[in-house]
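Structure record follows, encoded as structure tokens.
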Amino acid sequence: MRAATLNIWGRGSAWRRRLPLIRAELVRLAPDVVGLQEVWRRGSRCQAEQIADDLGYHVTYARAVARAGFSQGNALLTRVPVERYEVLALPTPGVEPRSVLCAEVGSTTVLVTHLTWEWEHAHIRHQQVRFLAELADRHADRGVVISADLNAAPDTEEIRWLTSRMRDAWADGGQGPGHTFTPDNAFARRAREPARRIDFVLTNGRLRAARAELAFTAPGRTRRRPLWPSDHFGVVCDLTPAPPPS
């Protein structure tokens, strides 16, 4: 199974020009499952459906927060139809609501989510990763894939806790730091934050990544400057059954 994740940056700068870049990268990568975060939906118009149009994907959308006239949340693109899914609220005491999309795709359960972003809310993210781990445990008889913008780097306490219980695809199959939010991307440079790896594909013990790479990193061109698909880079990985413990 090839799995990918990307925070698409909602209706951030130049969505109409970024959309074909995202679609072209999906054609190049041909992933089987794609987790998307910061997906807008207004009435019958959904960014995930715009991305998937005529590419052969089924779309499952999960609202996280409703705003005036539109909602924002997570979405899953799959080559085969999702058999069952549910949308669960993450713990978000006193901050913007967040959710996790839990979908059964063949013999695999895919969780797509986007954690609270503020640096000072690590204690809330810790509650959220515990929720994710418990949800993954409920599907322990199946392969589990988490596709997520975790908004925290691998060396933070909350991510160390999570990766002690789940496999990190980049640690298994990637090379280098794998920064997904980095000043190398001019959109991310505006945030004036250090380069970090905050976008993850994680698996339970039934799956592991044979290979993991950054994706959605190549900018298109405008007359004045490069144009990136998003303010985040994504991750794509090839997942195989994990060998049984010796």
Is it the case that the stretch 40-56 has a residue that's outside any loop (DSSP other than H, G, I, E, B) and touching a Pro at 6+ places or on another chain (Cβ under 9 Å)?
no
Tally the residues that are within 18 Å of the chain's Cα centre (by Cα), of a type outside the set (D, E, K, R) and outside any helix (DSSP H, G or I), restricting the search to the stretch 127-178.
15
Residues in the stretch 68-102 that are part of a strand (DSSP E or B) and either among the β-branched types (Val, Ile, Thr) or surrounded by 23 or more Cβ atoms within 10 Å (Cβ to Cβ) (or both) total 10
Within the stretch 112-126, does at least one residue satisfy the condition of being in contact (Cβ under 8 Å) with a residue 60 or more places away in the chain and part of a loop (DSSP other than H, G, I, E, B)?
no
Going by what's in this entry, would Glu104 be described as at pLDDT 95 or above and touching a strand residue (DSSP E or B) at 6+ places or on another chain (Cβ under 9 Å)?
yes
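The values are calculated or read from the model by the stated rules, or taken from the named source; none is laboratory data. The model shown is predicted, which means the values in this text are computed figures rather than measured ones. Quick reminder, even Gly has a Cβ in these numbers, built from the backbone with ideal geometry, and neighbours come from all protein chains shown.
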